[in-house]
Structures are given as structure tokens and as C-alpha cells.
Amino acid sequence: MDVLAAAPTLKERFNLRRQAAINSYRKSLRPEALLTALRRATDQALLETLRLTPLPDSATLAAVGGYGRGELYPYSDIDVLILLRHDPSSADTEKLEALIAALWDLGLDLGHSVRTIADCQRVAANDITVETSLMELRWLAGDKIQLQTLVETMREQRDAQTFFQAKRAEMQQRHARHGDTPYALEPNCKESPGGLRDLMVLLWVCQAAEIGRTWREIGQTQLLTAREYRALRRAELAFKRLRIELHLLAGRREDRLLFDLQPALATLYGFEATKTRRPSELLMQRYYWAAKVISQLNTILMQAVEEKLFPQPDAAIEDIDDDFRMVHGRLDIARDDAFERKPTLLLRAFLVMQGRPDLTGMSARVMRAMWHARTLIDAQFRHNPINRHLFIEILRQPRGIVHALRRMTMLNILPRYLPEFRRIVGQMQHDLFHAYTVDQHILRVIRNLRRFTMPEHAQEFPLASQLAAGTDRFWILYVAALYHDIAKGRGGHHSILGARDVRNFCKNHNLDAADADLAEFLVREHLTMSQYAQKRDLSDPAVIREFCLVVQTQKRLAALYLLTVADIRGTSPTVWNSWKGKLLEDLYRLALAALGGSQPDTNTVLAQRKAAAAAEIRRMGLRDESRDEFWSQLDVAYFLRHEASEIAWHTRHLYYRVDSATPVVKARVIAQNEGLQIMVYTPDRDDLFVTICRYFGQHSLSIQDARIHTTRHGWALDSFVVLLPAHDDDYRSQAALIEHELALRLARPVSAPGVPAEPPGMTHRQASRRSRVFPIVPNVTLQPDESGHSWRLAITASDRPRLLYSLAQAFEQHGISLKMAKIMTLGDRVEDIFIVEGRALEWPRTQLIFERAVLARLDETSL
């Protein structure tokens, strides 16, 4: 029979068998039955193909990798080895090419290698991946004896110790590629820490060490207890099903829990929304719990295998006290039942670790015993005064706090001791700016606080390090950090609920009234400083007085500043920038002065600012008469909204161009070389703000702050702070380019030739996948500001390219003039404040029309 004519028939039979296996799985939901059925269907298709296009004489066809293991996922690669006695002849090559072509015609996603036994030895000696795949050989057709010879040869060549070290290094590299955490937003259920690959690594190293080839065989040794075996098997089956569902949903090989797939997966698993949480958030929390179990047992068992493969002399054992000892540099317990006999040791173990810098970690014996004894942490344990004292002592130690809390979380000690913490373990936050689960975010905030106390990190945040060094009882900030987001997902305001929780914690742990008050204040107000710094006008003395009424004391101010910086930096690698840091530092210094007795009124602030600016201008060599001619065109609002250095900068460039008809654009680098301040001076016109926003959008410049001013004689004097795209850090070159290009753009009317109506290259850009799947419901609030002369427009929405440009168009269309903008971008979420004026805001009907227009702009998916 002609191969080409038969191939469609083979392909149809293969696809029918695959579909039948999938249909059967849908009824039973037994993942391993499906993996076996898909493997059998593929085996049969290969054997039928071999009847039409046989192997060369004396050749062997073997399955390797997952296919060799007998597990084939719906869209996995089909990896095979064609083993030859000798290098292929021309006739052999012809046969092999025909066979491979026939298998491709079947639609198989084939991965193949053609090697001799010597080839396998040579390649495996230099490639741990190849060596690993050859551990899972399975005969399909051809010479069985030759394949058995390869198996024996590879077993003799393999060194268990070298193999273990190579697989551990490979695993560490893989973990690093996936962020060293199981808690990624879109984890890979196969490759991420806590994924299926971590289980396979355990099986491979146990096979190399001749402990066992399957979980059942390993479970019959002392390496794995019956309880651990059951936990591993439950997690393994859960992850196998998850990977199957991902393949079937995506219709391709897809092992990532993509945002786009999470809602459909949650529905498939039967999760339903609660009042406070999406089904996908419940799904992901279940995933993180399972991944955490795998991570725990992987850590314990890898260390146990290491201790078996690399035995140390008994001389390396040192008693620490009656309960603990140091074995080969790791903390060990004196008795196997130590935690059952003395449950308080579950906490004291971490205290011992903190007090002994020579301890490099915990032994597998300790971690295993602790993992099994975690259920001893019950209400009676929590109420025990000794345990409460031990927990506080862990927080008070001068070193090891972050490692202790991470270990306590990994081994389920912290979630058991604090039930409120247990509720947020693995809880995802689809607010478009938190990149971590709530529990991992909390631990990162504590890590950031700890770094403020370490001299080697002082250069990162000099002010924070200075304040931390002068803060008495710094550990109270760890308590506040532990509780600041602990009430997420309960409904209600998490800051208020968390403040109640931390008050109870302080009461239960006998903290004095002053410490309890500080911790409660920090949790309740942990968002306040960020809100004031990023959304309010810090040049307004009334705003500073209002903030000081909340803070009340300099001690609270310093503590709140430290927690705020640590919190923002712990949300996501992309949320923090130097401009946010400058705003927070400015607010801290202004509030510190006010709390120290400096309570200037508007007139005093105005006089001080003018005097400081004038002094700086004189140092530049400018005469007072030149300065005064320019300043005569500026009103009080200008001087109150700009710092002295900004006023001096403006004056230096504009004193001799007061009536310039040609646009003046100047830019300078600020915020530790991570931001640009741009000044625009030109005769005012209605489309000016839209034109500037269009230019910024075209060049992917992110506006952080905007101050819009019109001089007495009708010139616009606008100031912006912008950030460059993440891939560009050459601020000085960009400053020169912006000065030239933006001035040319402003010199031409919008309708002039060469001025695009839309930013080129941006028409088809879309919002992030995360914001499309988990969108923020747009919100618009319009209220009179404190002065009663302007309006405060607050918007919250999912971020997307050209959003500010789109809003500027709405302002222009409704005759709204912008006076000031405070732009707060938090990952894929924006929370912006605009101070605006316009006749359309004077009547309720036109106000409503304007608000609807803004909402429509926020709702748009494309422009």
C-alpha cells in the first residue's frame, strides 16, 4: 500500500482514538487514565506506521522523556530515540527519513534523535537533560536487547552524587527563571517552583540513588512516610488534571495559568463567586496551596536525599541544648518526637536559628517533624503565654526575621499560629498593581523594612535608613507590616478590619499601650501617606496641616513613612519609581516641619518661596529687575504650586522671553536621574494640553505630574514630570530631543501638514491581558475643591496607552481647562486627580454630561 494514500486513514484512526480517550476522561476525570490512553493511542499509531515504513535493520525505536514514562498530555511533544548499532548507511538514512516524514504526516508533534550507544554516552556525559531523558526509556519496536544494553550502560555510567548535584543546580536555575516563587500571577504548572517538574526531580534523584523508581517504591523506604506519600500523590494528581485542562482549554501545549484561561478554569472546576472574591481568585488560591505542598516536600525530600548521598562523620554533631543540636551545620532535634513532647519547640526552633549565625538551615529531619507536627498548633497552643512570648521574641531579634517568617510560612507554622494570616495564604489580588499574593506581599514588605536597618543597603534609601536607625522598638513596624493587608478579601475596608486584628494581637501578646497604639495607627492609616503624596497638592499649606492632624506626632510620621515606602516597593517591581519616592520624601519633610512647630500661613509660605527663589536666581547672575519683569506676569497660585528651585529654573529661561511668540520648551533630569521635568511656555490656546498629551503618548512618556498655569498676559506656563519607557534610561539625550521636537510641534497648528491626528504606531496597541480579563470598573468623582473656585475630578480605571490623551480630548470638547494633575499609575491601574475649571461645571446638567463623557473615555477599548 502506498504510504501517502494510507496516511490519512492512519491519521483518522489516531485522531478518533485520541478523541475517544478525551471523551472518556470527561466522564471519569481520572487524569492518569487519560495520560495512559493517549500514550496507547500514540503507540498504536507509531506501530501501524512502522508496518508501512519499517526501521532499518537492527534498529530500535524507544520512547523517552514523559512519553517514555508512559504519560502523554493532550498536546505534549512525542519524544523518541532511534537507536542504531552503528552510524547509518545511506540506505538506513533513506529509511529513517521516510519514517520521520510519515510520522509528521500523522500530525504528531515529534521530537526525535538518532544515535548509537556510544553517541548516547557522549552526549549524556555533557548534558544532564539528555541523561535524564535516557532514564525513562521504553521499548516500542526493534531490537530489545540493544535497548537493554543501553539502559545498563547508562546505569553504569551514572554517578548518583554528580547526578544529584546537577539536577539540583538545574532546578535552582529553573526556579530562578520563574521568579523563585510558586506564587506568580500566571504560574507554569509544570516548570514553576511547586510544579510537576519539582516532583519529577525527586523521582529522578531517587532513581539515580537507587532508592526507588516510583512513589510507591520510595514510600516503602524511610525516605517517605505514608502521610507524605498521600500528600504527594494528591498534589500530583491535582496538577496532572490541571495540566490536562490547560491543554484542552487552549487547544495547544499550554502549561501556564494565563489570565485569559483562569476564569474558564474556575468555571470548569465549579468555583463560584463570593461577595468579595472572583471564582478565578478562589481557583488560584487552591493552586497556590497545592504548589506550596509540593515546594515543602520537595525541599524536605531533596535535603533527605542529599544527606543520604553525602553522609558526614558523627564528629560534625554539636549539642545546642537539651532539645536541639547542630548536625553538619544545620539545626536538628535531639529526639524524633521532640515537637510532640514539647510543642513550644515549634516556635523556639526559629528563635534558635536566629541566635546562631553558624546554622546554615534546618535538617530534613527537623523540617519533616515540624511539617507533621503543625496540627499541634491549636487554640490551646495559641493561648499559651510561653508561645506568645516566643513569637514576639522572634520579631524582636536583631537578625534572621525575614528568613524565620519565610520558613514559618513554608512549613505552615505561621498560618497555623495566626489564623487570620492563614486566610490570606495564596490569596490573589486582581487589583492590577499587586504582583504577589497577599501573604507573599506581606513578607516582602517585612523584608523591605528589614533592609532599612541594614548598613549595606543604606545607599538605596538614605532617608529610610536614617529614620530606621533612629526608631526605637523598630520591631513594632514588623507587627504592623504583618497585619496591614491581613484583612484583604473579607469585605469592608481592609485597613479598618486589619486595625482591629492588630489591636487584638497586641492585647493577646501583652504589648504596652504605646506600642499597641502605634501598630494600630500604622495598619489603619497605611494607605494615607501614599494618598496624600500622590493625589494632593503638597504646595498647599492646608493640605499639610490636614495630613498632620492625622499623623499627630513625629514618631508616627517616621514610622508611617517607613511602612509606606516598604509597602509600595513590595507590591510589584514596576510600581515604585524615584518620582514616587520624591513625593513621599517631600511630604515627610513638610509634615516634619509642621509637626515641629512650623505652621506658616499662605502669606508666609509665599514670602519664603519668593525669597528662596530670588536668592537662587541671584546666584545665577540675574538682576532683580529682569526677574521682576517676568514675575509681574505671575499670580499667587503660581508661586504656591511650584518649589523655589522650579521658579528659579523657569525664570532663568523665560525672563528675557516674556512675550515670546515662539514656544519655549525646556527639560531637565530630576528624581535621581529617573525622571524628566518639562516646562512649556507659549501663547495659550484651547488645544494646547491635548497637543502636549498627544506628543507624550507618541513617545510613550508617562506623565506623573502636571501643573497648568496661565500668566496675567495670556501665556501658558505648564510644567510636567514624565518617566521614560522601561527600556529607555538615557534621560539626558531624551531631554534634548523633547526640547527640540515638542517646540516644533507646538509651533504648528494641529491641522497643519505633518501633524498626525493620532500618535503614529500606537493605533493598534491594547491594554494588558491582565486588565482585559480582570478589568477595573471605571469610576469618576467630581467635587468642588477646598477653595471653592475649582473642581476636583478623581478617576480610577484600567491603564492603557493614550488614556491621558483621550481624557484631554474630553476636556477640550467640553471647554474644561486643567489647572493641575496628579497622576498615580499602579501597575495596570490608574488613580488620577485633576483640578479643573470651566463653565460646563457651573450647572448640574452640564456637569453630568461631562462626567458621562469622561466615563465613556475610560470605557473605551480602542481609540
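The values are calculated or read from the model by the stated rules, or taken from the named source; none is laboratory data. Keep in mind that what you see is a predicted model, and the values were worked out from it rather than measured. Reconstructed Cβ throughout: ideal geometry from the backbone, glycine too, with neighbour counts over all protein chains shown. When the accessible area is computed, the model is the full protein with side chains, heavy atoms only, and any ligands, DNA or RNA have been set aside. Shrake-Rupley method; radii C 1.70, N 1.55, O 1.52, S 1.80 Å.
In this entry, Gln809 passes the filter for residues that are buried (at least 17 other Cβ atoms within 10 Å of the Cβ), modelled with pLDDT under 90 and not in a strand (DSSP E or B). Exactly one residue among Arg330, Arg286 is modelled with pLDDT of 90 or more, closer than 30 Å to Leu268 by Cβ and surrounded by 15 or more Cβ atoms within 10 Å (Cβ to Cβ), and that residue is Arg286.
Restricting attention to the range 343-399, and to residues there that are hydroxyl-bearing (Ser, Thr, Tyr) and in contact (Cβ under 8 Å) with a residue 40 or more places away in the chain, which single residue is least open to solvent (accessible area, probe 1.4 Å)? Looking at residues that are hydroxyl-bearing (Ser, Thr, Tyr) and in contact (Cβ under 8 Å) with a residue 40 or more places away in the chain, I get Ser363. Remark: Ala637 matches the filter, which requires a residue to be surrounded by 12 or more Cβ atoms within 10 Å (Cβ to Cβ) and assigned to a helix (DSSP H, G or I). In this structure, Leu477 does not qualify as among the hydrophobic types (A, V, I, L, M, F, W, C), assigned to a helix (DSSP H, G or I), without any contact (Cβ under 8 Å) to a residue 60 or more places away in the chain and surrounded by 23 or more Cβ atoms within 10 Å (Cβ to Cβ).
Residues in the range 506-525 that are under 13 Å from Tyr483 (Cβ atoms) and either among the aliphatic types (A, V, I, L, M) or in contact with a Leu (Cβ under 6 Å, 6 or more places away or on another chain) (or both): Leu511, Ala516, Leu518, Ala519, Leu522, Val523. Every condition in (1) open to solvent by less than 70 Å² (accessible area, probe 1.4 Å); (2) touching a helix residue (DSSP H, G or I) at 6+ places or on another chain (Cβ under 7 Å); (3) outside any helix (DSSP H, G or I) is met by Arg490 except one, and the failing one is (1).
Restricted to the range 787-803, and to residues that are open to solvent by 30 Å² or more (accessible area, probe 1.4 Å) and touching an Asp or Glu at 6+ places or on another chain (Cβ under 8 Å), which residue is farthest from Tyr638 (Cα to Cα)? The extreme case among them is Asp799. Would you be able to say whether some residue in the range 71-78 is among the acidic types (Asp, Glu) and surrounded by 17 or more Cβ atoms within 10 Å (Cβ to Cβ)? Checked the range 71-78: at least one residue is among the acidic types (Asp, Glu) and surrounded by 17 or more Cβ atoms within 10 Å (Cβ to Cβ). If we scan the range 290-310, do we find a residue that is among the basic types (Lys, Arg), open to solvent by 60 Å² or more (accessible area, probe 1.4 Å) and within 34 Å of the chain's Cα centre (by Cα)? No - not one qualifying residue is present in the range 290-310. Among the residues of the range 273-283, the one identified as hydroxyl-bearing (Ser, Thr, Tyr) and crowded, with 19+ Cβ neighbours inside 10 Å is Ser280. Only one entry of Ala238, Ala226 meets the criterion of being within 15 Å of Leu283 (Cα to Cα), open to solvent by 20 Å² or more (accessible area, probe 1.4 Å) and hydrophobic (A, V, I, L, M, F, W, C), and that entry is Ala238. Every listed requirement among (1) at negative phi; (2) surrounded by fewer than 19 Cβ atoms within 10 Å (Cβ to Cβ); (3) free of Cβ contacts under 8 Å to residues at least 40 places away in the same chain is met by Gly270 save one, (1).
Restricting attention to the range 777-789, the residues that are touching a Lys or Arg at 6+ places or on another chain (Cβ under 6 Å) and part of a loop (DSSP other than H, G, I, E, B) add up to 1. In the set Glu585, Glu646, only one residue is open to solvent by 20 Å² or more (accessible area, probe 1.4 Å) and closer than 30 Å to Glu525 by Cα; that residue is Glu585. In the range 530-559, the residue that is farthest from Leu592 (Cα to Cα) out of those that are basic (Lys, Arg) and assigned to a helix (DSSP H, G or I) is Lys535. Hey, does the range 453-469 have a residue that's among the charged types (D, E, K, R), touching a residue at least 60 places away in the same chain (Cβ under 8 Å) and over 21 Å from Gly355 (Cβ atoms)? No, the conditions are met nowhere in the range 453-469. Report, by residue number, each residue of the range 210-221 that is over 17 Å from Gly66 (Cα atoms) and open to solvent by 20 Å² or more (accessible area, probe 1.4 Å). Answer for the range 210-221, where residues must be over 17 Å from Gly66 (Cα atoms) and open to solvent by 20 Å² or more (accessible area, probe 1.4 Å): Glu210, Ile211, Arg216, Glu217, Gly219, Gln220, Thr221. Taking the conditions exactly as written (over 24 Å from Met171 (Cβ atoms), open to solvent by 50 Å² or more (accessible area, probe 1.4 Å), in a helix (DSSP H, G or I) and among the aromatic types (Phe, Trp, Tyr)), does Trp104 satisfy them or not? So Trp104 fits the description; yes. Considering each residue of the range 130-144 in turn, at least one proves to be more than 27 Å from Glu306 (Cα to Cα) and open to solvent by 60 Å² or more (accessible area, probe 1.4 Å). Number of residues in the range 640-654 that are under 21 Å from Thr602 (Cβ atoms), assigned to a helix (DSSP H, G or I) and in contact with a strand residue (DSSP E or B) (Cβ under 8 Å, 6 or more places away or on another chain): the value is 3.
The set of residues from the range 42-55 being surrounded by fewer than 20 Cβ atoms within 10 Å (Cβ to Cβ) and either in contact (Cβ under 8 Å) with a residue 40 or more places away in the chain or more than 17 Å from Trp104 (Cβ to Cβ) (or both) comprises Asp43, Gln44, Leu47, Leu50, Arg51, Leu52, Thr53, Pro54. Asp517 meets all of the listed conditions (1) open to solvent by 20 Å² or more (accessible area, probe 1.4 Å); (2) within 24 Å of the chain's Cα centre (by Cα) but one, namely (2).
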